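The values are calculated or read from the model by the stated rules, or taken from the named source; none is laboratory data. Keep in mind the model is a prediction, meaning the values are calculated, not measured. Note: ideal-geometry Cβ built from the backbone for every residue, glycine included; neighbour counts use all protein chains shown. SASA here: full protein model, heavy atoms, side chains in, ligands and nucleic acids out. Shrake-Rupley method; radii C 1.70, N 1.55, O 1.52, S 1.80 Å.
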Amino acid sequence: MAVPWEEYFRPALQEKLSTKLPEQAEHYFPPMLRLLEKRQELVDADQALQTQKQVFHTKMAALKQRWEQLEQKERELKGSFISFDKFFQDSEARRNRALRRAAEERNQAGRREAEALRLRAQLEELRREHARLQRRLQRLEPCARLLEQALELMPGFQDVPELVARFDGLAETQAALRLSERERLAEQEEVRARLQRLRDAWPDELLAQGQRRAQLQERLEAARERTLQWESKWIQIQNTAAEKTLLLGRSRMAVLNLFQLVCQHQGQPPALDIEDTEGQLEQVKLFMQDLSAMLADLGQTEPAAPAS
């Protein structure tokens, strides 16, 4: 006898609802989220029931085909028995062949009977599964009515899937907000911990900075002393440089005067630049060497003084 699929799957929905409702009673959920969860459970149960329904129809079709094959084989077996009797009367050889064939048919019939028993057990299992799913469907009917009532209270939604989709979006938004809140709380705790570490380390840091400041002050005083020493040395260097510059100027003036005297003595105009002190000094040196050679020659040519 055919059973309406709504009654077949109603137990399954009722069973799913009964397993979920006690868990939900332990926690408080906003009405919209509770409707969303119940709708999701109904969708999951409906998908499972659709799968079970398809499997059931497939198995029932296969079982029906098996029964038809068995009936056909039974008719063929009856015809074979009639032919067997006729052939037995005609010939002993045909009788033996018919007997062998009958034995084979009996073996096949035994296998078919075993297959039939297996299919009957499978059918019984499917019937029990059908009853269980029907009980679950009956338990889930209040959830479906609750969703329909919620849809009536919210005229902005056209159907239940749209309402469920809206609640899905709100649930995802809420989950994202909770995640963001947890992240902010974690960041806040981290900042507080860093602030506390800074507060704990502040006295030590202040002491270290004070010590460093004293060290820097000492280095500054030492640098000032070295600066005064170098300034004093720089003044001495500047004074020495000024004296050397003055001496160099006097020396260059003396060399220039000597060079000019040499040129006047030789009756030649100065051929060197005024700034060419080395060249002037070289000319004076050559003149002095020539003069020394002349004096040496004069000393050798003078007559010896008479002895007294």
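In order along region 60-68, phi translates into HN-Hα couplings of 5, 5, 5, 5, 5, 5, 4, 5, 5 Hz, rounded to whole numbers, per the Karplus curve 6.51 cos²θ - 1.76 cosθ + 1.60 with θ = phi - 60° and x for Gly and Pro. Ordered from largest to smallest accessible area (heavy atoms of protein chains, 1.4 Å probe), the residues Val43, Val191 come out as Val191, Val43. Surface calculation, 1.4 Å probe, protein heavy atoms: Arg166 sits at approximately 130 Å² accessible.
If the segment from Arg106 to Ala201 were pulled out straight at 0.36 nm per residue, it would be longer than the present Cα-Cα gap by 24.5 nm.
The GluC sites (Glu not before Pro) of region 238-303 that DSSP puts in a loop, and whose beta carbon has at most 15 other beta carbons within 10 Å, are Glu275.
Note on surface exposure: Leu133, Leu281 rank Leu281, Leu133 by accessible area, highest first, 1.4 Å probe. A protection proxy built from the mean count of other Cβ atoms within 10 Å ranks the segments 71-77, 289-295, most packed first, as 71-77, 289-295.
Here His130 sits with roughly 20 square angstrom of accessible surface, probe radius 1.4 Å.
Remark: the Leu146-Leu117 segment gains 6.0 nm on full extension, using 0.36 nm per residue and subtracting the alpha carbon distance.
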